[in-house]
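The values are calculated or read from the model by the stated rules, or taken from the named source; none is laboratory data. No experiment lies behind these values; they were computed from the predicted model shown. Cβ: placed from backbone, ideal geometry, glycine included. Neighbour counts: every protein chain shown.
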Amino acid sequence: MAFLNGICALCQASTHLQSSHLLPKSLYRYIRAKGGGDKSLIHVGQHAAFRSDKQYAGHLLCTSCEQLFSTNGEEPVLSACYRGQGFFALAQALATHRPICQTNDLAFYDAQPLGALAEQLAYFGISIIWRWSAGHHVWPESTRYPRRLGKYEDLLRPYLLGQASRPGSINVWVEVLRPTVPLELLALPAGPDHGTPRDYEFWIPGLRFVVRVGGGADEVSRVCLTGSTIQTLCQVDPRERRSFAAIVGLVRGADPKGRLATALR
Ligand SMILES: [Zn+2]
């Protein structure tokens, strides 16, 4: 592992920095190992989609902060997300519970039976958005707008370090995607560069995360994974998502093959 001396973006110690990935590199490994013919993930960017193994990585965190991110979010979430060939632990766990509310294309589940995983999903979502914002200098191609979190970067540091609870002005939604389309899509974080509240979104295989920064305790914020009334997870058909329509348009340009081409037709 290559080290570099510098200031850790999270704990701010002057120390050895290790190479960090914007999105966990194991995601690529699962899909490559199990994906069959089309072995790369489809990356969806702001202006194009492409089939690629390209990974954004750079020296950002010290070893102990990288380990915190891994233990508190990455490891449990990657065990739960879609891992290829129909293996999707979180969807299978939800299937054993009754939704608390259901419409044609949306089901809400109480996240409490998931135990620690509910908090780990929230931590993971926030850590990815924070890492994307704070590490802009190490992966500048990932966004046109640097340091989008602004003051929230500092506000979130104690929470991410495990020294404080999550600020009430940060909420997280997690959607579990139904397998109506192949689920090995990856969308890098995206979101506005101004306004309140601001919603930042990213996708990993089988899951869509939305992290809302700022705003008050409105009815939307009461029904989410970090909700004050009830902690909920949604299960959705990804084709119903507005952003998915844009993603499909981009993916079509990436020359989808096989099952993906059929699903996107
Ligand atoms: Zn550190």
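Structure above, values below:
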item: Candidate set: the range 39-80, residues that are at pLDDT 95 or above and charged (D, E, K, R); chosen: the one farthest from the ligand (Cβ to nearest atom); result: Glu75
item: Scan of the range 171-188 for residues that are assigned to a loop (DSSP other than H, G, I, E, B) and either closer than 20 Å to Val211 by Cα or polar (S, T, N, Q) (or both), ordered by number; result: Thr180
item: The range 69-108, subset of a type in the set (Phe, Trp, Tyr) and surrounded by 14 or more Cβ atoms within 10 Å (Cβ to Cβ), residue nearest to Glu119 (Cα to Cα); result: Phe69
item: Any hit, the range 214-225, residues being of a type in the set (Val, Ile, Thr), at pLDDT 80 or above and not in a helix (DSSP H, G or I); result: no
